[in-house]
Amino acid sequence: MTTKPPAIKPRDRDTIISALRAGVVPRLGLQHIQVGRQREIDALIRDIRRVGEGGSSIRFVIGAYGAGKTFFLFLVRQIALQSKLAVCQADLSPDRRIHATNGQARSLYAELARSLSTRTAPDGGALRNILESYIQKATEKAGATGVPIETAVKDGLGDIREMAAGYDFATVVAAYARGYEDGNSTLQDAALRWLRGEYTTKTEARQDLGVRTILDDASFYDGLRLLAGFVRVAGFGGMIVCLDELVNLYKLQSAQARKQNYEQILRILNDVLQGTTEGIGFILGGTPEFLLDTRRGLYSYEALQSRLAENSFAVNGLADYSGPVINLPSLTPEELFHLLERLRDVFAGGDPEKHLVPDEALVAFMEHCSNTIGDAYFRTPRNTVKAFVDLLAILAQNPDVRWNDLLTRVEVSEDRQGADEAEISADADDGDDELATLRL
């Protein structure tokens with residue numbers, strides 16, 4: 001007896017279909033299309049629980065292009081939000097790096113701060129809500145103790161004021177509280193700009209807020225620690241930081257720039273492993289080359305290689321999910337079949353009576369993909385999924401057409417998105433010029 005699939009909300013259905021047809025990960029309804037990788041998910045759930053209890057964590061999620069890293073990160077993000085944690089996320093790019101001297105690290109911090117999300121504000125922009133929630137609590141405390149509201153705000157940030165840049169952080173939060181009480185939107189906006197790392201000069205920040213520092217390239221990691229500490233004071237369990245596309249560090253032509261970024265990653269890793277940071281978790285997504293390449297990847301930095309090396313006993317089918325690296329396994333053909341079933345359910349809105357194709361069509365589709373691109377159809381299934389969703393879309397709009405007639409016309413290619421960019425010539429300039437990647 002088969003279990004009837006759960007009903008799917010029309011909004012979730014439309015979001016899933018439109019996103020998958022575009023080859024991107026949907027932000028809604030991920031639970032309807034999740035298959036496999038349960039042990040990896042369980043490992044990240046343990047990390048989320050640890051962060052919520054005041055601990056810290058770091059995971060490197062490693063997988064080939066199209067293997068589902070971004071989907072996995074989005075799923076973990078959704079779980080963290082449901083666990084009452086705040087979450088921020090961003091993709092690294094040539095303009096956003098962990099370490100830089102020309103504003104790229106500040107730009108990455110600003111993107112993370114803007115993306116800050118909570119369960120009630122899942123689409124980003126939650127920093128203002130978190131601030132006002134904290135200020136309301138401080139106002140209640142001030143009313144009970146008879147102290148000024150600004151004093152109550154600063155008193156609640158005592159631990160944060162002891163951290164690097166923490167004194168000015170607390171001053172800016174107090175400035176936002178003052179603007180909130182006085183109805184001064186200009187002051188509130190200035191405080192938000194500072195907290196989001198959007199000030200580029202100390203002079204402007206001093207004029208607007210009376211502080212002498214700003215969150216710049218040098219304070220990328222310190223800024224995240226301050227933000228994590230603040231969301232905990234505001235009532236959340238902690239903060240998860242999701243960084244994807246770390247292969248962009250691997251692609252930096254400058255050996256010095258790569259080394260400086262890897263040193264920043266090492267600093268974060270050491271703090272987590274040694275337990276010197278609280279209430280923050282990092283999830284970093286990258287390709288096998290980014291991790292394992294001993295010339296350009298993380299393994300090119302000896303201290304990182306020793307800390308990230310795989311457990312020597314994890315062989316012959318044995319797995320270790322307690323280390324910092326999680327290697328995402330490829331989907332099996334059976335799991336891909338289950339995924340196609342779920343996609344069929346999504347199109348039907350969860351009603352088996354409205355399935356557009358029978359089970360035999362799923363088998364025939366997989367055989368067609370296997371004959372076309374070999375094992376890649378299930379190892380890196382992004383294009384396979386897109387082709388199947390496109391097929392169902394045609395059948396949904398043309399009820400007189402039979403799936404058998406369309407199957408041979410389905411075009412599916414091996415997923416090479418981004419892979420060609422990651423292939424760097426061994427003869428490429430490996431000097432110290434950070435602008436070596438500039439092309440006209």
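Restricting the search to segment 142-189, which residues are small (Gly, Ala, Ser) and not in a helix (DSSP H, G or I)? I'd like the intermediate steps shown before the answer.
The first filter runs over segment 142-189 and keeps only residues small (Gly, Ala, Ser), leaving 142-144, 146, 152, 156, 158, 164-166, 170, 174-175, 177, 179, 183, 185.
If the condition is that a residue be small (Gly, Ala, Ser) and not in a helix (DSSP H, G or I), then GLY146, GLY156, ALA164, ALA165, GLY183 are the ones that fit.
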Is it the case that segment 79-88 has a residue that's surrounded by 16 or more Cβ atoms within 10 Å (Cβ to Cβ), charged (D, E, K, R), more than 17 Å from TYR176 (Cβ to Cβ) and at pLDDT 90 or above?
no
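What's the total number of residues in segment 215-235 that are assigned to a helix (DSSP H, G or I) and within 25 Å of ALA138 (Cα to Cα)? Spell out how you get there, then give the answer.
As a first pass, look at segment 215-235 and keep what is assigned to a helix (DSSP H, G or I): 217-233.
Now restrict to residues that are within 25 Å of ALA138 (Cα to Cα): 222-233.
Selection size over segment 215-235: 12.
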Quick check on segment 278-298. Is at least one of its residues in a loop (DSSP other than H, G, I, E, B), of a type in the set (Ser, Thr, Tyr), more than 30 Å from ASP359 (Cβ to Cβ) and out of contact with any helix residue (DSSP H, G or I) (no Cβ under 7 Å at 6 or more places or on another chain)?
no
Qualifying positions in segment 341-380 - acidic (Asp, Glu) and either modelled with pLDDT of 90 or more or assigned to a helix (DSSP H, G or I) (or both)
GLU341, ASP345, GLU353, ASP359, GLU360, GLU367
Restricting to segment 234-278, name every residue that is within 21 Å of PHE169 (Cα to Cα) and crowded, with 19+ Cβ neighbours inside 10 Å.
ALA234, PHE236, GLY237, GLY238, MET239, ILE240, VAL241, ILE268, THR277
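From ASP405, ASP420, ASP432, grab the single residue that is modelled with pLDDT under 70, surrounded by fewer than 16 Cβ atoms within 10 Å (Cβ to Cβ) and not in a loop (DSSP other than H, G, I, E, B). Before you say what the answer is, go through the steps one by one.
Details: ASP405 fails: modelled with pLDDT under 70; ASP432 fails: not in a loop (DSSP other than H, G, I, E, B).
Residue meeting the stated conditions: ASP420.
Is it true that LEU269 is modelled with pLDDT of 95 or more, outside any strand (DSSP E or B), touching a strand residue (DSSP E or B) at 6+ places or on another chain (Cβ under 7 Å) and under 16 Å from HIS99 (Cβ atoms)? Quick ask: steps written out before the conclusion?
Numbers: modelled with pLDDT of 95 or more: yes; outside any strand (DSSP E or B): yes; touching a strand residue (DSSP E or B) at 6+ places or on another chain (Cβ under 7 Å): yes; under 16 Å from HIS99 (Cβ atoms): yes.
Answer is yes for this residue.
Based on what the data block shows, is PHE60 modelled with pLDDT under 90 and within 30 Å of GLY275 (Cα to Cα)? Explain how you work it out, then say what you get.
Numbers: modelled with pLDDT under 90: no; within 30 Å of GLY275 (Cα to Cα): yes.
So PHE60 fails the test.
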Would you mind telling me which numbered condition in (1) surrounded by fewer than 23 Cβ atoms within 10 Å (Cβ to Cβ); (2) under 14 Å from the mean Cα position of the chain (by Cα) ILE45 fails?
(2)
In segment 98-111, residue farthest from the chain's Cα centre (by Cα) [restricted to those that are within 19 Å of THR70 (Cβ to Cβ) and crowded, with 23+ Cβ neighbours inside 10 Å]
ILE98
I need a count of the residues in segment 112-141 that are assigned to a helix (DSSP H, G or I), touching a helix residue (DSSP H, G or I) at 6+ places or on another chain (Cβ under 6 Å) and either surrounded by fewer than 20 Cβ atoms within 10 Å (Cβ to Cβ) or among the hydroxyl-bearing types (Ser, Thr, Tyr) (or both).
2
Please count how many residues of segment 8-24 are within 20 Å of the chain's Cα centre (by Cα), closer than 20 Å to GLU341 by Cβ and of a type in the set (Val, Ile, Thr).
2
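Filter segment 152-200 down to residues that are basic (Lys, Arg) and at pLDDT 95 or above and give me whichever is nearest to the chain's Cα centre (by Cα). Let's see the steps before the verdict.
Narrowing segment 152-200 to residues basic (Lys, Arg): 154, 161, 178, 193, 196.
Applying the additional criterion that residues be at pLDDT 95 or above yields 193, 196.
Details: ARG193: 22, ARG196: 18 Å.
Across segment 152-200, the extreme among qualifying residues is ARG196.
So which residues in segment 119-142 are hydroxyl-bearing (Ser, Thr, Tyr) and under 17 Å from ARG225 (Cα atoms)? Steps first, please.
Let us first name the residues in segment 119-142 that are hydroxyl-bearing (Ser, Thr, Tyr), namely 120, 133-134, 139.
Correct list: empty.
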With the checklist (1) within 19 Å of THR408 (Cα to Cα); (2) part of a helix (DSSP H, G or I); (3) not small (Gly, Ala, Ser) in hand, flag the one item HIS338 doesn't pass.
(1)
Restricting attention to segment 190-214, report how many residues are in contact with a Lys or Arg (Cβ under 7 Å, 6 or more places away or on another chain) and either assigned to a helix (DSSP H, G or I) or touching a residue at least 40 places away in the same chain (Cβ under 8 Å) (or both).
7
Output the qualifying pairs, or none if there are none: Cβ atoms under 6 angstrom, residues six or more apart or on different chains, first residue in segment 389-405 and closer than 19 Å to LEU340 by Cα and touching a residue at least 12 places away in the same chain (Cβ under 8 Å), second residue of a type outside the set (A, V, I, L, M) and surrounded by fewer than 16 Cβ atoms within 10 Å (Cβ to Cβ).
VAL389/ARG21
When you go through (1) touching a strand residue (DSSP E or B) at 6+ places or on another chain (Cβ under 8 Å); (2) buried (at least 17 other Cβ atoms within 10 Å of the Cβ); (3) closer than 20 Å to THR277 by Cβ one by one for LYS69, which number turns out not to apply?
(3)
How many of the residues making up segment 351-367 are closer than 23 Å to GLY68 by Cβ and surrounded by fewer than 18 Cβ atoms within 10 Å (Cβ to Cβ)?
2
Would you please list the contacts, defined by Cβ atoms under 6 Å and residues six or more apart or on different chains, that run from a residue in segment 252-266 that is over 23 Å from ARG225 (Cα atoms) to a residue that is part of a helix (DSSP H, G or I) and of a type in the set (Lys, Arg)?
LEU252/ARG258
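The values are calculated or read from the model by the stated rules, or taken from the named source; none is laboratory data. Keep in mind the model is a prediction, meaning the values are calculated, not measured. Methodologically, a virtual Cβ is constructed for each residue, glycine included, from the backbone with ideal geometry; neighbour enumeration extends over all protein chains shown.
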